[in-house]
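Below is one structure, written out as structure tokens; the observations come after it.
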Amino acid sequence: MKLLSFIVAIMLAVATAEADSKKPSSIQWKPEDCSSSLMLPENQFDVSQYGRGQYRIDGAMSQGHFNCIYITFQATNSLVPVSVSGARESTFTIKEQKVTWRTYQTVVEGRSVIRKEALLPNILPREKRGNGSDYIWIRIDADSQQIIDQLTPVAEGILQDAA
């Protein structure tokens, strides 16, 4: 019985280590957005930059603009829409900064999705050049709550690693 417990413990340790392994992305943040490395879960995700300060992280479940993570560096401290009735809120922490997610049902490009988004001051290390990257908008537009639940810790981890 002790041997079986030991084997299970080793298997869990290996699985956890593999799940937590990260790699530097082939595309990195621009220094004015963040000067730390952009780290992604190994063998699962890739990133593209589609505009100044705009990054999209895609994984196996991504479908075009959906089921992926968007991280946008911006000058303004506002979300559009500013408020959403019935949005659920949850929080996470980066560098002792409490960040509030809001989650709600919406329609994007004619498709009904669950949107999870947060806006926070850019507390990441960076080479400040003007105010174009003073805030970070992080967003997930997903087909299901299960996908939101899978992508949320990835999104949080990317920012926590950068901090």
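The values are calculated or read from the model by the stated rules, or taken from the named source; none is laboratory data. Just so it is clear, the model here is predicted, and its values are computed rather than measured. Reconstructed Cβ throughout: ideal geometry from the backbone, glycine too, with neighbour counts over all protein chains shown. These accessible areas exclude ligands, DNA and RNA; they are computed on the full protein's heavy atoms, side chains included. Shrake-Rupley method; radii C 1.70, N 1.55, O 1.52, S 1.80 Å.
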Folded to 0 to 90 degrees: helix 145-162 orientation relative to the chain principal axis, Cα: 80 degrees
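In percent, how large is the relative contact order of the chain, given Cα pairs closer than 8 Å and 6 or more residues apart?
Details: 291 pairs, mean separation 38.2, N = 163.
Relative contact order, the chain: 23 percent.
Just subtract the alpha-carbon distance of Leu79 and Met61 from 0.36 nm times their residue separation and send over the number in nm, one decimal. Working shown, then result.
On the way: separation 18, 0.36 × 18 = 6.48 nm, distance 2.58 nm.
Full-extension gain reported as 3.9 nm.
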Obtain the nm distance between the two label points defined at Asp46 and Ile123 by a simple spin-label model: each point lies 7 Å from its Cα along the Cα-to-C-beta direction. 3.3 nm
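Net charge near Val80: determine it from the other residues with C-beta under 13 Å of the C-beta of Val80, scoring Lys and Arg +1 and Asp and Glu -1.
Details: positive: Arg102, Arg115, Arg139; negative: Glu117.
With Lys, Arg at +1 and Asp, Glu at -1, the net is +2.
When ranked by the protection proxy of mean other Cβ atoms within 10 Å per residue, highest first, what sequence do the peptides 22-29, 113-120, 34-41 form?
Values: 22-29: 15.1, 113-120: 20.4, 34-41: 18.5.
Top of the packing list down: 113-120, 34-41, 22-29.
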Under 17 Å between alpha carbons, and skipping anything fewer than 8 positions from Lys116 in its own chain: which lysines qualify? Lys98
Using a 1.4 Å probe on heavy atoms of the protein chains only, the accessible area for Ser85 in Å², nearest 10, reads 120 Å²
Pairs from Lys22/Lys95; Lys23/Lys128; Lys22/Lys128 whose Cα-Cα separation, in the structure shown, is over 22 Å: Lys23/Lys128; Lys22/Lys128
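Order Trp101, Trp137 by their accessible area, 1.4 angstrom probe, all chains in place, largest first. Numbers along the way, then the final one.
Working: Trp101 0, Trp137 55 Å².
Putting Trp101, Trp137 in descending order of accessible area: Trp137, Trp101.
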Computed over the Cα atoms, what is the radius of gyration of the chain divided by 2.2 N^0.38 Å, N being its residue count? 1.14
